[in-house]
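Shown next, in structure tokens, is the structure this report addresses.
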Amino acid sequence: MNDIAADDFKLRKTVIRDQAHANRNQQANKDELSRQICRVFMALPEYAAARTVMFYVDVRSEVRTRHTLPDALASGKRIVVPYCVNNELELFLLERMEELAVGMYKILEPRPELRKLPEKNVVADELDLVMVPGVAFDKSGARMGHGFGYYDKLLQHARPDAPLVALAFECQLFPEIPTQAHDIFMDKIVTEKAIYEGRGRNVRP
């Protein structure tokens, strides 16, 4: 990719990211729609088949998952949540909602005193199903995050047979997300209107 193409690629991503943020911030009925989306996620056959499931904990205007976590904890699954340390995502085995507390940047995350307990540490290849947040998506499963690469690094270590399922509001979908060869596609995207079948990790454009 030459300099002009690279600049155009970055500009396209910036425009989509800004529009997706605006769309998501303006989305009405976030709580109601989030509950609906999470119910669909938990009704997926991939959820039924999974033993260990990663849920993200919502931040800002993302599809809200915190209201659904108690139901997930009661579902008999091993529920895992990510948290950020030194620009990397670590994984925490969540057993009770009380194990979460508001941390830096007002983000709900595992209590610091629990993170070092060996029994609470989980590695990515233990995950049978991965719930993925994002800023923007297209119907092929292409994903755009905040641009920091946290989830890109984590998803590279997920097992190839562990489905990647993104949650999004319909307003976060765009006709096409600019991608590069290393970008990871979702297996499914769940919105309040539909379940979209993505390319997954085995197919590239």
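The values are calculated or read from the model by the stated rules, or taken from the named source; none is laboratory data. No experiment lies behind these values; they were computed from the predicted model shown. All Cβ positions, even for glycine, are placed from backbone atoms using ideal geometry, and neighbour counts span all protein chains on display. In case anyone asks, the SASA skips ligands and DNA or RNA and just uses the protein heavy atoms, side chains included. Shrake-Rupley method; radii C 1.70, N 1.55, O 1.52, S 1.80 Å.
Numbers below:
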quantity	calculated
Selection within segment 153-199 - hydroxyl-bearing (Ser, Thr, Tyr) and under 18 Å from Ala43 (Cβ atoms)	Thr191, Tyr196
Subset of segment 52-71 (residues that are touching a helix residue (DSSP H, G or I) at 6+ places or on another chain (Cβ under 7 Å) and aliphatic (A, V, I, L, M))	Val53, Val63, Leu69
Of the criteria (1) under 25 Å from Glu32 (Cβ atoms); (2) touching a helix residue (DSSP H, G or I) at 6+ places or on another chain (Cβ under 9 Å); (3) aliphatic (A, V, I, L, M), which one Leu155 fails	(1)
Segment 157-173 - residue that is touching a Lys or Arg at 6+ places or on another chain (Cβ under 8 Å) and in a loop (DSSP other than H, G, I, E, B) and, of those, least open to solvent (accessible area, probe 1.4 Å)	Phe169
Failed criterion for Cys84 (all others in (1) modelled with pLDDT of 95 or more; (2) part of a strand (DSSP E or B) hold)	(1)
Spans of helices (runs of 4 or more DSSP H) in segment 10-75 with at least 1 residues without any contact (Cβ under 8 Å) to a residue 24 or more places away in the chain and either over 16 Å from the mean Cα position of the chain (by Cα) or surrounded by fewer than 17 Cβ atoms within 10 Å (Cβ to Cβ) (or both)	30-42, 45-49
Residue within segment 92-105 that is loosely packed, with under 11 Cβ neighbours inside 10 Å and part of a loop (DSSP other than H, G, I, E, B) present	yes
Matching residues, segment 174-194, being surrounded by 14 or more Cβ atoms within 10 Å (Cβ to Cβ) and more than 17 Å from Arg64 (Cα to Cα)	Phe174, Ile177, Pro178, Thr179, Asp183, Ile184, Phe185, Met186, Asp187, Lys188
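So that you can scan it fast, the table gives a plain yes or no per residue for (1) surrounded by fewer than 16 Cβ atoms within 10 Å (Cβ to Cβ); (2) in a strand (DSSP E or B):
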residue	(1), (2)
Glu109	no, yes
Leu114	no, no
Asp125	yes, no
Gly134	no, no
Ser140	no, no
Gly147	yes, no
Tyr151	no, no
Leu155	no, no
